[in-house]
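See below for the structure under consideration.
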Amino acid sequence: MNRVVITGMGIYSCIGKNQDEVRESLLHGRSGIVLDPTRKQFGYRSGLVGLVDRPNLKGMLDRRSRITLPEQGEYAYLATVEALRQSEIDAGYLERNEAGILYGNDSTAKPVIESIDIVREKKDTILVGSGAVFQTMNSTVTMNLATIFKLKGVNFTISAACASGSHAIGLGYHFIKTGLQELVICGGAQEINHYSMATFDALSAFSVKESDPARASRPFDRDRDGLVPSGGAATIILESYDSAIKRGANILGEVIGYGFSSNGGHISNPTVDGPARSLRMALKDAALQPSDIEYINAHATSTPAGDSNEAKAIHEVFGGSLPWISSTKSMTGHECWMAGASEIVYSVLMMQNGFIAPNINFENPDEDSAKLNIVKTSLKEDISVFLSNSFGFGGTNSSLIVRKI
């Protein structure tokens with residue numbers, strides 16, 4: 001079995017448009033959450049959102065490439081450019097070698113709605129435009145990036161709700177571990193336009209603490225009242241250890257464990273058993289004991305039931321060792337399909353720079369979170385092994401373990 005390492009990362013999120021900006025936000029506990037008047041005017045119960053600026057790719061990509069990219073595809077393109085640059089992989093390398101792409105994405109709402117609106121108004125499908133079909137397909141990110149970067153390896157999209165980005169990395173890890181690929185571009189992308197989140201708002205899933213947006217996302221806090229939607233994209237370059245050493249790449253970390261499970265129950269209600277099984281599988285895959293994990297980047301989205309059940313699962317598996325824990329969603333909000341990938345980026349940045357980002361707004365623990373070792377303020381701490389949790393609707397769970405080399 002091959003060892004699997006990270007040689008590049010890229011991030012475009014509400015707390016920064018690159019690694020440097022994101023690192024500073026994590027270190028200082030800066031929130032990217034704002035109140036969006038457009039959502040309130042549109043009919044949302046909650047106008048809170050992680051603010052992600054729409055990039056202008058004119059001059060970076062030709063027109064044909066731009067018209068097939070949806071919003072989340074634009075974010076993913078920029079994140080991938082940053083990751084490839086850090087990994088020192090250029091167009092020539094991608095031409096000579098079989099690089100693949102596995103990306104998490106589970107919606108592409110705006111292009112679908114806008115296309116149908118045109119047809120409804122004009123009664124002519126031709127007016128939709130030739131690029132619309134490629135924006136509306138759920139595999140839009142992988143098909144566009146594979147074309148733009150001329151990738152020749154594995155190429156498909158993972159749709160697994162809010163665990164999509166994590167499962168993409170887990171599958172990339174297995175493709176390389178088993179020798180099927182040498183290098184895979186992995187990640188997750190999430191659109192953040194107001195069309196994409198209305199159905200979540202309809203479930204009353206969002207926080208309504210609109211008077212102070214930066215304090216609205218409160219993972220593990222007793223006074224949490226719901227998540228805050230967010231988005232962007234994150235890219236991880238996974239590569240076999242031998243390949244990375246051969247080309248002299250800088251290794252940022254090694255993926256050593258991937259656990260997964262299905263709750264097998266209610267379509268939206270979380271459980272304790274499902275996440276606990278995912279955690280145990282990741283530890284078994286990594287050949288580690290619970291006490292070996294120094295930090296957990298929790299899935300905790302700031303929902304009452306979700307945070308409580310995750311806290312119980314973590315305590316069930318790690319209760320005897322009490323690793324440091326924080327949910328970066330306290331700053332970013334819930335980045336949904338990208339969260340499992342972005343939180344690997346966030347955690348590697350912590351591991352590289354000797355700190356643990358805080359779980360901001362954690363002021364009053366409940367009976368479950370009180371049992372955990374939750375980081376309230378930025379902590380100077382050298383970590384060498386961390387675990388990242390991602391859970392999603394339908395009961396899909398993913399846990400990844402990464403260590404420093």
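The values are calculated or read from the model by the stated rules, or taken from the named source; none is laboratory data. The model shown is predicted, which means the values in this text are computed figures rather than measured ones. So basically every Cβ, Gly included, is an ideal-geometry build from the backbone, and we count neighbours across all protein chains shown.
Things to note:
- The set of residues from segment 29-54 being aromatic (F, W, Y) and in a loop (DSSP other than H, G, I, E, B) comprises just one member, Y44.
- A single member of E316, E294 is of a type in the set (D, E, K, R), on the phi < 0 side of the Ramachandran plot, assigned by TED's automatic domain parsing to the domain that holds K371 and out of contact with any Pro (no Cβ under 6 Å at 6 or more places or on another chain), and it is E316.
- Per the conditions (1) surrounded by fewer than 22 Cβ atoms within 10 Å (Cβ to Cβ); (2) more than 19 Å from I383 (Cβ to Cβ); (3) not assigned by TED's automatic domain parsing to the domain that holds C336, the sole criterion not satisfied by E254 is (2).
- All of S243, S196, S302, S204 fail the test of being in contact with a helix residue (DSSP H, G or I) (Cβ under 6 Å, 6 or more places away or on another chain) and among the hydroxyl-bearing types (S, T, Y), apart from S196.
- Residue ID - surrounded by the most Cβ atoms within 10 Å (Cβ to Cβ), chosen from residues in segment 365-405 that are among the small types (G, A, S) and in a loop (DSSP other than H, G, I, E, B): G395
- Breaking point among (1) surrounded by 24 or more Cβ atoms within 10 Å (Cβ to Cβ); (2) within 21 Å of the chain's Cα centre (by Cα); (3) closer than 26 Å to K329 by Cβ, for A161: (1)
- Of residues in segment 196-242 being of a type in the set (K, R) and assigned to a loop (DSSP other than H, G, I, E, B), the one farthest from G47 (Cα to Cα): R222
- Residue check for L26: part of a loop (DSSP other than H, G, I, E, B), touching a residue at least 12 places away in the same chain (Cβ under 8 Å), in contact with a helix residue (DSSP H, G or I) (Cβ under 9 Å, 6 or more places away or on another chain) and closer than 30 Å to H174 by Cα: no
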